[in-house]
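Scroll down for the structure; my scribbles are underneath it.
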Amino acid sequence: FGLKLIERAQVRQEHATARWYKNGIDAIKQFNDDKDIALNNITVSFLERFSSEHISRGNSKNTISAYLRAVRAITNYAVKEELKGKRFDNYPWGIGGFSIPSQATKKRAIKKNLIEDIRNLNLEKDSELWNAQNYFIWMFNNRGMNFIDIAKLKRKQITETVFKKKLLVSGRNEYVRSKTDKDFSIKLTTDSIRILNLYNVFDKAPEDFVFPIGFEYSKKGWDEHCQKIKMNNERFKKLASLIGEKELKITTYVARHSWATIAKRSGISNAIIGEGLGHGDSKTTEIYLEEFEEDVLDDANDLIVS
């Protein structure tokens, strides 16, 4: 049944979801002596043993969580489609069932002064690092836009444009977030306009990609995109070194988390931050900001006692 879900996800071009299902299935089969297993044999006891085995290997709770959330999703689709919503006797999920382990991820946000330092780096035009610098600043200036959505962004999605002497002076960035299918319409900031002009947006045709990343809607295209993320994460690390922060881990997610925490520091409410990020519920926003509160209290304490 899991393979059916993988095939459906691939048809919908949802290759990350397909890989998520596959990783969950592979992990369960490996634990089950490389044999397939009936869903009703994945009991609470089985899952406890699976979790303990992975913890003993040194795997993180979040890795285990990713596997088991995929298995839970497969189970729930099977219950819905094959059993008309009726849960089988050994159904292991939900209230009173198995609790999927999790742990807080390390903070990914960086402070505004470091973003300014990255913005102010003087890099060779059209170089790999120059592109990486522009991608990072674009992500930050567009409410933490995901890297995949930058790759997919086309000239026709830059709307309400005003040009003067072939240079963009105003407009909007309109796109659908790949992860959630949520529509975004963002007024272009001064930095975003500057970056678009660096990539000669005036001369691009409606179907041209804005940035020289590109995206192909296929399994091969998804695999290539994953490699591009990996390469750009390495370039972001080099940018961190260039601003004197060699230990700073900058990834494609850092701009998004940084936008959220800087907004919080600026006094913007969680509700507005969540809306800006496109979150469907407040709990997701709280996860983004949960470590931020500790920083605020530390700063407040330093101010009080100094």
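The values are calculated or read from the model by the stated rules, or taken from the named source; none is laboratory data. The model shown is predicted, which means the values in this text are computed figures rather than measured ones. Quick reminder, even Gly has a Cβ in these numbers, built from the backbone with ideal geometry, and neighbours come from all protein chains shown. For the accessible areas, the whole protein counts, side chains as well, though only heavy atoms, and no ligand, DNA or RNA atoms are used. Shrake-Rupley method; radii C 1.70, N 1.55, O 1.52, S 1.80 Å.
Remarks
- Rg/Rh for the range 1-133, where both radii come from Cα atoms and Rh is the Kirkwood radius: 1.16
- Over the chain, DSSP H runs of length four or greater, each weighted -39,500 (n - 2.57), average out per residue to a 222 nm ellipticity of -17000 deg cm²/dmol.
- Centre separation in Å (Cα based) which lies between the range 248-287 and the range 206-232: 25 Å
- For the range 1-56, the relative contact order is 24 percent, taking Cα pairs closer than 8 Å that sit 6 or more residues apart in sequence and dividing their mean separation by the residue count.
- Computed on the range 170-306, the Cα convex hull volume stands at 168 Å³ per residue.
- Sequence-separation-based contact order of the chain, relative, with Cα cut under 8 Å and 6+ spacing, percent: 16 percent
- Shown are ILE273, ILE304, ILE25, whose ranking by accessible area with a 1.4 Å probe and every protein chain present, most to least, is ILE304, ILE25, ILE273.
- Heavy atoms of the protein chains alone define the surface here; on that basis the chain has 58 Å² accessible area per residue at 1.4 Å probe size.
- Area accessible to solvent at ARG177, 1.4 Å probe radius, in Å²: 10 Å²
- Evaluated at q = 0.07 Å⁻¹: base-10 log I(q)/I(0), Debye formula over Cα of the chain: -0.36
- The equivalent ellipsoid of the range 176-237 has semi-axes of 22, 16, 15 Å, largest first, where each one is the square root of 5 times an eigenvalue of the Cα gyration tensor.
- Over 23 Å between alpha carbons, listed pairs LYS61/LYS264; LYS29/LYS228; LYS125/LYS228; LYS80/LYS152; LYS154/LYS182; LYS125/LYS166: LYS61/LYS264; LYS29/LYS228; LYS80/LYS152
- With all protein chains in place and ligands, DNA and RNA left out, the 1.4 Å accessible area ranks VAL11, VAL71, VAL169 as VAL11, VAL169, VAL71, largest first.
- Ligands, DNA and RNA left out, the accessible area of the range 156-225 computed with a 1.4 Å probe is 53% carbon and sulfur.
- Rolling a 1.4 Å probe over the protein chains gives LYS228 an accessible area of about 50 Å².
- Check: the range 98-251 dipole with +1 on Lys, Arg Cβ and -1 on Asp, Glu Cβ, in debye: 340 debye
- Quotient of the Cα radius of gyration of the range 1-69 and 2.2 N^0.38 Å, N being its number of residues: 1.15.
- Across the range 1-106, Cα pairs under 8 Å and at least six residues apart give a relative contact order of 32 percent.
- Counting heavy atoms of the protein chains alone, TYR21 has an accessible area of about 10 Å² for a 1.4 Å probe.
- Cβ-Cβ FRET estimate between THR190 and ASP223, R0 fixed at 41 Å, reported to 0.05: 0.70
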